[in-house]
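The values are calculated or read from the model by the stated rules, or taken from the named source; none is laboratory data. Model, not experiment: these values are computed from the prediction. So basically every Cβ, Gly included, is an ideal-geometry build from the backbone, and we count neighbours across all protein chains shown. Only protein heavy atoms, including side chains, enter the accessible area calculation; ligands, DNA and RNA are left aside. Shrake-Rupley method; radii C 1.70, N 1.55, O 1.52, S 1.80 Å.
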Amino acid sequence: MRGTRVAIALFFFGDGLLLGSWASRIPAVQRHADLTNVRLGLALFAASLGALAAMPLAGWLCARIGSRGVTVVALLCGSRLLFFTSVAGGLGGLAAALFAFGAGFGAINVAANAQGLALERLYGRPILSSFHAAFSSGGLAGAGLGPLAAGLGVEPRAQFAALALVLAVFTLAARPRLLARQADGSERTVTLVRPPRRLLLLGAAAFCTLLAEGAAADWSAVYLSRSLGAAAALAALGYTAFSLAMVVSRTVGDRLNVRLGPVSLVRAGGLLAASGLAAALVDGSTVAALAGFAAMGAGLGVVVPVLFRAAGSTPGVSAGVGVAAVSTIGWLGFLSGPPAIGLAAGAVGLRSALGLVVLATVLLALLSRSAGAEPRRALRAFENAPPAVLSDLDGSPADSRTVIGSGLEPRRVHAPSGAVRSRRYA
């Protein structure tokens, strides 16, 4: 079990590492492709479109063939496609490469979360937030490697090629430790023509969350430098404070979920983000802005794992399909939020326009009830799991069962016949 948990965490870390590495080398790729800022913006939009297109498909594939294969293929392809962004020339070439890279990112986002949710059900306690902490840590590591490589004179193509090689070796080595298809759940699933109301509410909460995250990524440095007059180095600390606080909150997010419950945790996270940013905007100082962005990161960091857990527990919908639906709606917030703030800033100024983020995080707190877990979904999935995941060790009745998924050490579960009690796995 521990080996499987480490393997899944490393897949999350690798996903974040790819994203952080790309973000830190965008200026160098822009120079190589000889693009203006406007053309670069169009190329970057192609990456978002690729992610939007791939997420529903990845969810469907997870339900059909299992999340293990999708996770492995997505990371292998994503790392190779990142290399092609460094050699692409012109708007068309870079946009095509980024569309494909975005598709790989979207696919692993869905499949790795399905793996994490499957393992969480076997653990019998929340662990998903720790995987998201690994993703955020990978993003910070990638963002740090970029300037280091640039300082050493390493071109993006060399950096991305080395990264693809390292991730390929890791992926193939860690693949046997991932959970087999049967661990994804055996319930009959539906094709999402019209998502259930529960998924729509979770998607709305994800929309608000990722809108705020996108605003922090795109506007924190601009607000600090142009609205508050901070130096460039100090302005860059806005998103750093946001990211570091997010890593910390996700590290303790699972324990907070156990202590507070998912609804209270989402509500508290939304209110912390809203109050922190609102106070910063009212105060109007650099120190308050840095503290406000840190409060946003701490509040929002715990939310997405809770929303994905709830999406993956929707009855009649596989974990992959549920996560894909909520991710896709949330990604629309990440896409639409920053441009909307830019348009509002042109009319009322950036400081007032960031009030939209405060409103979004307040709405997130109001939508917190959608994060409530479906009653005993995980236990029903465990009870109904097929023999490849659960089996009797000694031919005794169903009160003695053992988890025997790929990469899992056997752990006996004792419960009265016909029922399953709370489970612990070492």
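Numbers for the structure displayed
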{"quantity": "Residue among Ser86, Ser24, Ser79 that is under 27 Å from Met246 (Cα atoms), polar (S, T, N, Q) and modelled with pLDDT of 90 or more", "calculated": "Ser79"}
{"quantity": "Matching residues, the range 14-35, being touching a helix residue (DSSP H, G or I) at 6+ places or on another chain (Cβ under 9 Å) and without any contact (Cβ under 8 Å) to a residue 12 or more places away in the chain", "calculated": "Pro27, Gln30"}
{"quantity": "Only one of Arg259, Arg255 that is of a type in the set (Lys, Arg) and under 29 Å from Ala180 (Cβ atoms)", "calculated": "Arg255"}
{"quantity": "Some residue of the range 205-223 being more than 24 Å from Gly372 (Cα to Cα) and open to solvent by 60 Å² or more (accessible area, probe 1.4 Å)", "calculated": "yes"}
{"quantity": "The range 279-289, residues that are part of a helix (DSSP H, G or I) and surrounded by fewer than 22 Cβ atoms within 10 Å (Cβ to Cβ)", "calculated": "Ala279, Leu281, Val282, Asp283, Thr286, Val287, Ala288"}
{"quantity": "Residue in the range 23-39 that is at positive phi and of a type in the set (D, E, K, R) present", "calculated": "yes"}
{"quantity": "Residue among Ala294, Ala311 that alone is in a helix (DSSP H, G or I), under 21 Å from Tyr123 (Cα atoms) and among the hydrophobic types (A, V, I, L, M, F, W, C)", "calculated": "Ala311"}
{"quantity": "Subset of the range 139-154 (residues that are touching a residue at least 40 places away in the same chain (Cβ under 8 Å), over 16 Å from Met246 (Cβ atoms) and among the aliphatic types (A, V, I, L, M))", "calculated": "Leu145, Ala149, Ala150"}
{"quantity": "Cβ pairs under 8 Å, 6+ apart, first in the range 205-231 and closer than 21 Å to Asp283 by Cα, second basic (Lys, Arg) and at pLDDT 90 or above", "calculated": "Tyr223/Arg351; Ser227/Arg351"}
{"quantity": "Residue in the range 156-177 that is over 13 Å from Ser21 (Cα atoms) and among the hydroxyl-bearing types (Ser, Thr, Tyr) present", "calculated": "yes"}
{"quantity": "Single unsatisfied condition, Ala344 versus (1) small (Gly, Ala, Ser); (2) free of Cβ contacts under 8 Å to residues at least 24 places away in the same chain; (3) buried (at least 18 other Cβ atoms within 10 Å of the Cβ)", "calculated": "(3)"}
{"quantity": "Every residue from the range 122-154 that is assigned to a helix (DSSP H, G or I) and either over 25 Å from Gly3 (Cβ atoms) or open to solvent by 50 Å² or more (accessible area, probe 1.4 Å) (or both)", "calculated": "Leu140, Ala143, Gly144, Leu145, Gly146, Pro147, Leu148, Ala149, Ala150, Gly151"}
{"quantity": "Residue in the range 309-321 that is touching a residue at least 40 places away in the same chain (Cβ under 8 Å), open to solvent by 30 Å² or more (accessible area, probe 1.4 Å) and polar (S, T, N, Q) present", "calculated": "no"}
{"quantity": "Some residue of the range 87-99 being aromatic (Phe, Trp, Tyr), out of contact with any strand residue (DSSP E or B) (no Cβ under 9 Å at 6 or more places or on another chain) and touching a residue at least 60 places away in the same chain (Cβ under 8 Å)", "calculated": "no"}
{"quantity": "Residue check for Gly337: out of contact with any Asp or Glu (no Cβ under 6 Å at 6 or more places or on another chain) and at pLDDT 90 or above", "calculated": "no"}
